[in-house]
Amino acid sequence: MSPAGEWNIGNAEELRQLLMRSLERGPDVVLDLSVVLDLSEVRACDTAALQLICSWRTTAVQRRQRVRIAAPSPAILEIAAALGVPMAELTEGAGSGI
């Protein structure tokens with residue numbers, strides 16, 4: 001899966017479905033540019049898209065799945081920094097209790 005372009009409120013439902021489907025693949029999920037999701041082509045990212053990424057991670061943790069976001073694009077890093085979302089929490093592996 002390689003959604004490119006803009007991640008925003010206009011395509012939030014499509015992105016939510018894509019992220020939630022990725023959690024059905026097994027106990028450990030990597031949001032990765034070459035495996036699950038290529039984030040390098042995301043040219044723009046708004047607060048709605050970042051909320052979806054955070055929600056995806058929270059859902060995985062609640063399901064006791066480990067997830068990691070690999071290679072977030074500059075657009076994702078920029079909105080995360082602007083909103084004070086520590087990318088270390090999103091890019092490091094997470095499991096239950098984290």
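The values are calculated or read from the model by the stated rules, or taken from the named source; none is laboratory data. This is a predicted model, so every value here is computed, not measured. In this analysis, Cβ positions are derived from the backbone assuming ideal geometry, glycine residues included, and neighbour counts consider all displayed protein chains.
Could you look through region 6-46, keep only residues that are within 18 Å of A80 (Cβ to Cβ) and among the small types (G, A, S), and pick out the one that is modelled with the lowest pLDDT?
Checked region 6-46; the qualifying residue modelled with the lowest pLDDT is S40.
Read through the list (1) surrounded by fewer than 13 Cβ atoms within 10 Å (Cβ to Cβ); (2) in a helix (DSSP H, G or I); (3) at pLDDT below 80, then give the number of the only condition that S2 fails.
All conditions pass for S2, except number (2).
Can you find, within region 8-28, the residue that is farthest from R43 (Cα to Cα) among those that are among the polar types (S, T, N, Q) and assigned to a helix (DSSP H, G or I)?
S22
How many residues does region 3-17 contain that are farther than 20 Å from L77 by Cβ and out of contact with any helix residue (DSSP H, G or I) (no Cβ under 7 Å at 6 or more places or on another chain)?
4
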